[in-house]
1. Given ARG136, ARG122, which one is basic (Lys, Arg) and modelled with pLDDT of 95 or more?
2. Restricting to region 23-47, and then to whatever is assigned to a loop (DSSP other than H, G, I, E, B) and more than 12 Å from the chain's Cα centre (by Cα), can you tell me which residue is surrounded by the most Cβ atoms within 10 Å (Cβ to Cβ)?
3. Looking at (1) crowded, with 18+ Cβ neighbours inside 10 Å; (2) farther than 24 Å from LEU8 by Cα; (3) out of contact with any His (no Cβ under 8 Å at 6 or more places or on another chain); (4) polar (S, T, N, Q), can you tell me which one THR54 breaks?
4. Return a yes/no flag: does region 85-103 have any residue that is within 19 Å of SER24 (Cβ to Cβ), polar (S, T, N, Q) and at pLDDT 90 or above.
5. Against the definition (of a type outside the set (S, T, N, Q) and over 24 Å from ARG132 (Cβ atoms)), how does ALA44 come out, yes or no?
6. Inspect all residues belonging to region 111-118 and state whether any of them is at pLDDT 90 or above and either farther than 16 Å from GLU39 by Cα or among the aliphatic types (A, V, I, L, M) (or both).
7. Tell me yes or no: at least one residue of region 57-74 is surrounded by 16 or more Cβ atoms within 10 Å (Cβ to Cβ), in contact with a Cys (Cβ under 8 Å, 6 or more places away or on another chain) and under 18 Å from SER22 (Cα atoms).
8. What are the pairs with Cβ atoms under 9 angstrom where one residue, in region 63-92, is farther than 15 Å from ARG10 by Cα and the other, located anywhere, is part of a strand (DSSP E or B) and acidic (Asp, Glu)? Sequence gap at least six, or different chains.
Amino acid sequence: MNANGTGLERLSRDECMRLMGSVSVGRIAYTREALPAVELVNFALYDGDIVIRTDASGKLAAATRGAVVAFEADSVDVPGQAGWSVTVVGQARAVTDTEEIRRLELIELMPWAPGTHDHFIRISAALVNGRRVGGRHNLGLPA
C-alpha cells in the first residue's frame with residue numbers, strides 16, 4: 001500500500017477484495033445498445049469472483065454475457081471525509097452448470113428488485129484498483 005501526501009492510499013489487490021467483501025451493494029458498468037450503462041446491484045464474493053443474481057431475460061443478463069465489464073463498490077463517510085472505492089474489470093459469464101448454480105444458491109444472494117431472479121452472473125477480476133482517502137477509524141478500519 002502506498003500513501004501520498006494528500007492522504008490518498010492506493011490499496012493492494014488483497015485489501016481491495018477484503019473491502020469489497022465487507023459491503024453488499026455495488027455498481028456494474030457495461031455496454032447496452034452500444035452505450036455505457038451503470039446499474040446498482042447487490043452482490044456477493046464467491047471464490048474470488050463477484051456474483052450477481054438477476055433475471056435471465058433481462059437487459060443486464062443479455063448485455064453482460066461474455067462481455068468485459070467494470071464493477072465498483074465503495075464505502076463513504078461524508079461527515080468524516082473518508083472513504084474507499086474499489087474497481088474491478090473482468091470477464092462476465094453466465095453460470096449454466098447445474099452444480100455451480102446449486103452452490104451459488106447456498107450463498108443466499110437475494111436480489112432486492114421484485115421478480116424472478118434465477119440467473120447468476122460471475123465476474124472474474126482481471127484488473128483490480130482501489131484507493132482509500134481520509135481517516136481509517138471513520139470506516140471501522142484499523143488505525
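1. Going through ARG136, ARG122 in turn, the sole match is ARG122.
2. ASP47
3. Every condition holds for THR54 apart from (3).
4. Yes.
5. No.
6. For region 111-118, residues at pLDDT 90 or above and either farther than 16 Å from GLU39 by Cα or among the aliphatic types (A, V, I, L, M) (or both): absent.
7. No, the conditions are met nowhere in region 57-74.
8. GLY90/ASP49
The values are calculated or read from the model by the stated rules, or taken from the named source; none is laboratory data. Here the structure is a predicted model, which is why all the values come from computation and not from measurement. Every residue, glycine among them, receives a Cβ derived from its backbone with ideal geometry; neighbour counts consider all protein chains shown.
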